[in-house]
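Each remark here refers to the structure printed beneath this line.
The values are calculated or read from the model by the stated rules, or taken from the named source; none is laboratory data. Computed from a predicted structure; not experimentally measured. All Cβ positions, even for glycine, are placed from backbone atoms using ideal geometry, and neighbour counts span all protein chains on display.
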Amino acid sequence: MVAWGATLLLVGYPAGVSAFTAAPSATVTALDDGGDYRWSPATVTVAAGQSVRWTYEDASAPHQLSVAGYLGAIHPPGDVEYDEVTFPTAGEYQYVCPLHPSMHGELTVTGTSTPTATPTSTPSATPTATPTATPTATPTATPIATPTATPIATPVSHSGEQPGPPPAAADTVAPAVRAVKASVRGRKLTVKLRIDERAKVALAVTRKGKTIRRSATKPAGTVRFKVKRLEPGRHRIVVTARDAAGNRSEPVRRSVRVKRG
Ligand SMILES: [Cu+2]
């Protein structure tokens, strides 16, 4: 067993708390492209100590991240939660989705990043020595339960490694999404909800891997979405809200059935 020591600093960290956290150095998106599941981009290079964020908002199928010994949660279609992993050690890593063997990417972590804030010392060209030990994440050995049964209701938590108090002025409170009601009349869906502050509200309606999306930025109060001409059958609904500071609500899930005829 190779110990490569990838530290999982942040996992599913709410974006708004990033006031005292460096932004990720790279972002990878899970894409479906009509059944062609892949990570975009499929190759990423960052310096040691930097982080990479994997996002799922654009996905219409469940996906999961396995990289350098880290195994994330299964993210349902359109999930706003993300995985963010910091890589302190140089090396070559594979990032894969255990649910879809076609989803694999190559992450290169180069040698230590040179601190730029030291004006006195002349920054000498740091040779990026890539160590030979190549830890490979195991894509196959992960027994996964049914992809659909993922309650991601747990509040996002961080590992407490951020030193110091947050800046006093920073808005770190996610908007609350309340009283979410989904009703169907004929083939028309109405989703009604309340938000407690101005936010961009996103609706995802998924049936058989196809997702219809709506979003709108609204002030605090009642928000309505209407989706017409839904296919008959069961539709899964996910509502999330994000405020101007980037704080995201927990996803709220509903399910409706559209009758035939
Ligand atoms: Cu996948």
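What is the number of the single condition among (1) without any contact (Cβ under 8 Å) to a residue 60 or more places away in the chain; (2) at negative phi; (3) more than 13 Å from the ligand (Cβ to nearest atom); (4) not polar (S, T, N, Q) that Tyr56 does not meet?
(3)
What are the residues in the range 19-38 that are on the phi < 0 side of the Ramachandran plot and within 16 Å of the ligand (Cβ to nearest atom), if any?
Val28, Thr29, Ala30, Leu31, Asp32, Asp36, Tyr37, Arg38
Is there a residue being assigned to a loop (DSSP other than H, G, I, E, B), within 16 Å of the ligand (Cβ to nearest atom) and buried (at least 22 other Cβ atoms within 10 Å of the Cβ) anywhere in the range 39-48?
Of the residues in the range 39-48, the ones assigned to a loop (DSSP other than H, G, I, E, B) are 41-42.
Still in the running and within 16 Å of the ligand (Cβ to nearest atom): 41-42.
Next, from what is left, pick out any that are buried (at least 22 other Cβ atoms within 10 Å of the Cβ): none.
Among the residues of the range 39-48, not one is assigned to a loop (DSSP other than H, G, I, E, B), within 16 Å of the ligand (Cβ to nearest atom) and buried (at least 22 other Cβ atoms within 10 Å of the Cβ), which makes the answer no.
Within the range 90-130, take every residue that is touching a Pro at 6+ places or on another chain (Cβ under 8 Å), more than 30 Å from Ala61 (Cα to Cα) and among the hydroxyl-bearing types (Ser, Thr, Tyr) and give me the one that is modelled with the highest pLDDT.
Residue satisfying both the conditions and the ranking: Thr114.
List the pairs whose first member sits in the range 180-191 and is loosely packed, with under 14 Cβ neighbours inside 10 Å and hydroxyl-bearing (Ser, Thr, Tyr), whose second member is part of a strand (DSSP E or B) and modelled with pLDDT of 80 or more, and whose Cβ atoms are under 7 Å apart, counting only residues at least 6 apart or on separate chains?
Every condition considered, the pairs that remain are Ser183/Thr190.
Scan the range 83-102 for residues that are within 14 Å of the ligand (Cβ to nearest atom) and either of a type in the set (A, V, I, L, M, F, W, C) or part of a loop (DSSP other than H, G, I, E, B) (or both) and jot them down.
Val96, Cys97, Pro98, Leu99
Take the conditions surrounded by fewer than 20 Cβ atoms within 10 Å (Cβ to Cβ), more than 30 Å from Ser255 (Cα to Cα), within 16 Å of the ligand (Cβ to nearest atom) and at pLDDT below 90 and apply them to Thr134. Does it pass?
no
Quick check: is even one residue across the range 72-80 in the same structural domain as Tyr37 (by TED's automatic domain parsing), away from the ligand (no atom under 13 Å from the Cβ) and closer than 30 Å to Lys210 by Cβ?
Pass one, the range 72-80, residues in the same structural domain as Tyr37 (by TED's automatic domain parsing): 72-80.
Next, only the ones that are away from the ligand (no atom under 13 Å from the Cβ) stay: 78, 80.
Filter once more, keeping what is closer than 30 Å to Lys210 by Cβ: 78, 80.
Within the range 72-80, one or more residues are in the same structural domain as Tyr37 (by TED's automatic domain parsing), away from the ligand (no atom under 13 Å from the Cβ) and closer than 30 Å to Lys210 by Cβ.
Show the residue pairs that are 6+ apart or on different chains and have beta-carbon atoms under 6 Å apart, the first residue being within the range 90-110 and in the same structural domain as Trp54 (by TED's automatic domain parsing), the second being acidic (Asp, Glu) and at pLDDT 95 or above.
From residues that are in the same structural domain as Trp54 (by TED's automatic domain parsing), the pairs are Thr108/Glu92.
I'd like the residue in the range 223-255 that is farther than 22 Å from Tyr56 by Cα and either in contact with an Asp or Glu (Cβ under 8 Å, 6 or more places away or on another chain) or not in a strand (DSSP E or B) (or both) and, out of all such residues, is modelled with the lowest pLDDT.
The residue in question is Arg229.
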